[in-house]
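The next block holds one structure in the form of structure tokens; read it before the comments.
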Amino acid sequence: MAFLGDLLTSVADRGRALIGFERFAPNRRRPLDKLCEDLLSGRGEASGMALAQAVLDEWERLDEAGRLAFFRLLQERFGPDRERLDAALERYRETPDVEAIGQLHLASEPRRQELFRRLNLAPGGTHVLVRMRESMFEAMKQEPELSVVDADFRHLFASWFNRGFLVLRRIDWTTPANVLEKIIRYEAVHAIKDWDDLRRRLEPADRRCFAFFHPQLVDEPLIFVEVALTRESPSRIVDVLSEEREVLPASSATTAVFYSISNCQEGLRGISFGNFLIKQVAEDLKRELRGLDLFVTLSPVPGFARWLAPALAEPAELGLTNEEATLLMQAPAEVAALDEVTCARRDKLLGQMLAQYMLRARSSSGRVIDPVARFHLGNGARLERINVGGNLAERGLRESHGVMVNYRYDLDDIEANHEAFASRNTVVASSSVKKQLRPAKH
């Protein structure tokens with residue numbers, strides 16, 4: 001990989017010589033819009049790589065205001081070629097044959113898509129483009145109309161980062177330190193406190209970690225999943241992450257628990273890798289450990305508290321009494337002071353409301369509200385169990401009142417479950433979850 005990078009850099013250097021090295025000297029920098037037009041004008045491969053590198057170098061120097069201006073430039077001046085599009089439309093109106101359709105398709109493509117393709121020729125170009133899209137998200141907060149530029153990023157990234165290009169690698173304690181540092185930094189579900197904490201998640205025989213990589217992003221994981229090998233489906237994250245837990249021989253495990261999935265590249269938001277990752281890891285683990293027969297998650301429910309708070313303002317809509325709503329609204333410090341009977345009653349209510357949230361509550365567009373639920377259900381998992389008290393850490397209490405859930409991946413049912421969710425928005429759930437629903441309000 002290093003050899004290839006050196007080779008591409010050498011070609012780019014040669015390109016600078018071909019088109020005049022002095023044009024790339026710091027005191028002779030050309031305007032960014034001119035460099036982009038030159039890049040699109042069509043030169044040889046070596047000079048094209050040099051121009052692409054010059055554009056990316058200039059972009060890296062821009063401050064926030066300069067980057068916003070660049071994105072405006074992409075929107076306003078690098079859309080479809082109007083003259084070419086008009087000619088293609090006229091040709092299609094005259095003779096709507098296959099050739100005319102092809103010309104119309106090509107003419108309707110924004111010029112910035114080809115610009116991005118040529119920028120990708122530069123050494124390290126893919127990585128810079130991913131970070132460029134990350135900056136786009138901030139720019140779109142100020143100017144939402146820039147979403148047309150982001151649509152072109154998404155279109156190209158969906159091709160460049162499709163499953164056929166991704167490489168699955170196991171992350172363990174022998175993985176190079178620069179990658180392990182990124183695992184610590186990118187962990188998004190259960191923070192890794194230090195190197196000792198990371199070692200407890202990677203080194204023991206009953207722990208696994210896998211990540212997807214892309215050949216153009218050397219040592220930059222795209223997404224990774226942490227797995228615990230156990231004898232049963234866990235209900236509390238503390239049991240998975242405990243420093244005092246007894247290490248289980250991998251050969252004795254019957255259950256693989258996906259307890260943390262983290263996306264690493266913000267610039268690839270909306271490009272899905274997780275569904276491929278979980279299925280591939282499950283298949284690989286099944287081949288490695290024949291005794292595994294259960295694949296589950298221990299997942300957060302990050303949207304639950306946000307949904308429940310306003311819903312409790314109208315408790316009758318949820319089938320609750322005012323007293324029950326008041327009990328559910330209590331702060332953690334107040335909950336800690338409850339007697340055992342009242343605490344058990346509150347736990348039961350939380351389980352019922354979680355079932356309501358998952359099985360009946362919907363967004364204004366009709367979708368399941370919880371983002372983690374949409375991910376796993378869309379991948380073909382089944383909502384298996386509700387775990388009240390599953391995560392009593394500060395974040396878990398804030399986001400979900402401490403509730404976690406298990407999703408089950410039954411390899412024989414994944415396709416049917418996915419189809420039910422994708423086509424009918426049906427949440428496939430176990431009987432134990434369905435039993436926690438209160439009767440629907442009529």
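The values are calculated or read from the model by the stated rules, or taken from the named source; none is laboratory data. Everything numeric here is computed off the predicted structure, so don't read it as measured data. Methodologically, a virtual Cβ is constructed for each residue, glycine included, from the backbone with ideal geometry; neighbour enumeration extends over all protein chains shown. Heavy atoms of the whole protein, side chains included, go into the accessibility calculation; ligands, DNA and RNA do not. Shrake-Rupley method; radii C 1.70, N 1.55, O 1.52, S 1.80 Å.
The requirement of being without any contact (Cβ under 8 Å) to a residue 40 or more places away in the chain and β-branched (Val, Ile, Thr) is fulfilled somewhere in segment 317-334, by at least one residue.
When the residues of segment 354-376 are narrowed to those that are of a type in the set (Val, Ile, Thr) and in a loop (DSSP other than H, G, I, E, B), which ends up least open to solvent (accessible area, probe 1.4 Å)? Before the answer, list the steps.
Taking segment 354-376 as the starting set, the residues that turn out to be of a type in the set (Val, Ile, Thr) are 368-369, 372.
Then drop every residue that is not in a loop (DSSP other than H, G, I, E, B), which leaves 368-369.
Values: Val368: 1, Ile369: 49 Å².
The selected residue is Val368.
May I ask you to list the residues in segment 377-428 that are within 22 Å of Leu277 (Cα to Cα), touching a residue at least 24 places away in the same chain (Cβ under 8 Å) and open to solvent by 60 Å² or more (accessible area, probe 1.4 Å)? Working first, answer last.
Let us first name the residues in segment 377-428 that are within 22 Å of Leu277 (Cα to Cα), namely 377-384, 404-422, 427-428.
When the remaining residues are screened for being touching a residue at least 24 places away in the same chain (Cβ under 8 Å), the result is 377-384, 404-411, 413-418, 421-422, 427-428.
Result: Arg382, Arg408, Leu411, Asp413, Glu415, Ala416, His418, Ala422.
Assess whether Glu94 counts as being exposed (fewer than 15 other Cβ atoms within 10 Å of the Cβ) and modelled with pLDDT of 90 or more. When the stated conditions are applied, Glu94 does not pass them.
Quick grid of which residues meet (1) at pLDDT 95 or above; (2) farther than 18 Å from Arg398 by Cα; (3) surrounded by 14 or more Cβ atoms within 10 Å (Cβ to Cβ):
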position	(1), (2), (3)
Trp307	yes, no, yes
Leu312	no, no, yes
Pro315	no, yes, yes
Glu334	no, no, no
Ala344	yes, yes, no
Asp347	yes, no, yes
Gln352	yes, yes, yes
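For the residues Val130, Val148, Val179, Val167, the requirement of being within 18 Å of the chain's Cα centre (by Cα), β-branched (Val, Ile, Thr) and surrounded by fewer than 20 Cβ atoms within 10 Å (Cβ to Cβ) singles out Val167.
Looking at segment 182-211, which of the residues that are among the aliphatic types (A, V, I, L, M) and open to solvent by 30 Å² or more (accessible area, probe 1.4 Å) is nearest to the chain's Cα centre (by Cα)? Give the steps one after another, and end with the answer.
Taking segment 182-211 as the starting set, the residues that turn out to be among the aliphatic types (A, V, I, L, M) are 183-184, 188-189, 191-192, 198, 202, 205, 211.
Add one more test, that the residue is open to solvent by 30 Å² or more (accessible area, probe 1.4 Å), and what stays is 184, 188-189, 191, 205.
Numbers: Ile184: 17, Ala188: 11, Val189: 12, Ala191: 17, Ala205: 28 Å.
This residue is Ala188.
When you look at Lys286, is it charged (D, E, K, R), touching a Phe, Trp or Tyr at 6+ places or on another chain (Cβ under 9 Å), assigned to a helix (DSSP H, G or I) and surrounded by fewer than 16 Cβ atoms within 10 Å (Cβ to Cβ), yes or no? Against the criterion (charged (D, E, K, R), touching a Phe, Trp or Tyr at 6+ places or on another chain (Cβ under 9 Å), assigned to a helix (DSSP H, G or I) and surrounded by fewer than 16 Cβ atoms within 10 Å (Cβ to Cβ)), Lys286 qualifies. Checking each residue in segment 238-283 for being of a type in the set (Gly, Ala, Ser), open to solvent by 40 Å² or more (accessible area, probe 1.4 Å) and in a loop (DSSP other than H, G, I, E, B) picks out Gly270, Ser272. The single condition among (1) open to solvent by 10 Å² or more (accessible area, probe 1.4 Å); (2) under 24 Å from Asp412 (Cβ atoms) that Ala228 does not satisfy is (1). Just to be sure before I move on: is Tyr409 under 22 Å from Pro315 (Cβ atoms) and either within 23 Å of the chain's Cα centre (by Cα) or of a type in the set (Lys, Arg) (or both) in the structure I sent? No: the conditions fail for Tyr409. Of everything listed in (1) open to solvent by less than 30 Å² (accessible area, probe 1.4 Å); (2) modelled with pLDDT of 95 or more; (3) not hydrophobic (A, V, I, L, M, F, W, C), the single unmet condition for Pro110 is (2).
Scan segment 86-140 for residues that are in contact (Cβ under 8 Å) with a residue 40 or more places away in the chain, outside any helix (DSSP H, G or I) and not hydrophobic (A, V, I, L, M, F, W, C) and the total you get is 4.
The single condition among (1) in contact with a helix residue (DSSP H, G or I) (Cβ under 6 Å, 6 or more places away or on another chain); (2) assigned to a helix (DSSP H, G or I) that Arg395 does not meet is (1). Give the residue that is farthest from Gln75 (Cα to Cα), with candidates limited to residues of segment 152-164 that are open to solvent by less than 40 Å² (accessible area, probe 1.4 Å) and assigned to a helix (DSSP H, G or I). Within segment 152-164, the match that is farthest from Gln75 (Cα to Cα) is Phe157. All but one of (1) within 15 Å of Ser260 (Cβ to Cβ); (2) surrounded by 20 or more Cβ atoms within 10 Å (Cβ to Cβ); (3) in contact (Cβ under 8 Å) with a residue 60 or more places away in the chain hold for Gln216; which doesn't? The one condition Gln216 does not meet is (1). Has segment 410-426 got any residue that is modelled with pLDDT of 95 or more and in a loop (DSSP other than H, G, I, E, B)? Checked segment 410-426: no residue is modelled with pLDDT of 95 or more and in a loop (DSSP other than H, G, I, E, B).
So which residues in segment 67-85 are more than 18 Å from Val128 (Cβ to Cβ) and in a helix (DSSP H, G or I)? Talk me through it step by step, then tell me what you get.
First, pick out the residues of segment 67-85 that are more than 18 Å from Val128 (Cβ to Cβ): 72, 75-77, 79-85.
Arg72, Gln75, Glu76, Arg77, Arg82, Glu83, Arg84, Leu85 - these are the residues of segment 67-85 that are more than 18 Å from Val128 (Cβ to Cβ) and in a helix (DSSP H, G or I).
Please verify whether Arg117 is buried (at least 18 other Cβ atoms within 10 Å of the Cβ), among the basic types (Lys, Arg) and closer than 24 Å to Leu217 by Cα, treating the condition exactly as stated. It is false that Arg117 is buried (at least 18 other Cβ atoms within 10 Å of the Cβ), among the basic types (Lys, Arg) and closer than 24 Å to Leu217 by Cα.
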